[in-house]
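The values are calculated or read from the model by the stated rules, or taken from the named source; none is laboratory data. Given the structure is predicted, the values throughout are model-derived calculations rather than measurements. Note that we place each Cβ from the backbone using ideal geometry, even for glycine, and neighbour counts take in every protein chain shown.
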Amino acid sequence: MTLFLIISKWREILIGLLAFLLIVCLALLNLKAGQIDKFKQTEIILQAENAKAKADSAIKEKLWSEQQLKAEQNYNAKIKQIESDADIAQSSADSLSKQLASAKQRLSAASRETIIEYTNTSSDILESCITEYRNVAQKADEHAADAERLSEAWP
């Protein structure tokens, strides 16, 4: 009897099965559409983060470039100052050389006391020069150590 009932209602059963399959297909379609929306949102977020990273990178590169340019300008100004100081020192050295040559010529005709005073003064000047040379050498060594430390610490 149930078999007879199933056979007589085959159309209704088939329509019910098809309706059930249609509902299952619609549910799967809705699920996949939700996943696609999530993927699109993720892609939009990634594109925004990528654009932000590129903008940040460009800003950092610009700042670094400006710092490098400023450092180069400061370096050039310091080099000009050093050259100017070197020219002044060379001029002073030339003047001192002329004075020493003149003093050497007058020394042969000078008295014994003058020669002793000249020797003492020369000794004091030489001692002062040695002290200054030591100070310059110390500063140069400190500068070299700082430059090496900065070079090693640079990324």
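Please pick out the residue among Ile13, Ile36, Ile88 that is in a helix (DSSP H, G or I), without any contact (Cβ under 8 Å) to a residue 24 or more places away in the chain, in contact with a helix residue (DSSP H, G or I) (Cβ under 9 Å, 6 or more places away or on another chain) and not charged (D, E, K, R). Step by step, each of Ile13, Ile36, Ile88 is checked, and only Ile13 is in a helix (DSSP H, G or I), without any contact (Cβ under 8 Å) to a residue 24 or more places away in the chain, in contact with a helix residue (DSSP H, G or I) (Cβ under 9 Å, 6 or more places away or on another chain) and not charged (D, E, K, R).
Only one entry in Glu83, Glu49, Glu61, Glu66 is modelled with pLDDT of 95 or more, at negative phi and within 36 Å of the chain's Cα centre (by Cα), namely Glu49. Scanning region 106-141 for residues that are loosely packed, with under 10 Cβ neighbours inside 10 Å and not in a helix (DSSP H, G or I), which turns out modelled with the highest pLDDT? Among those that are loosely packed, with under 10 Cβ neighbours inside 10 Å and not in a helix (DSSP H, G or I), it is Ser111.
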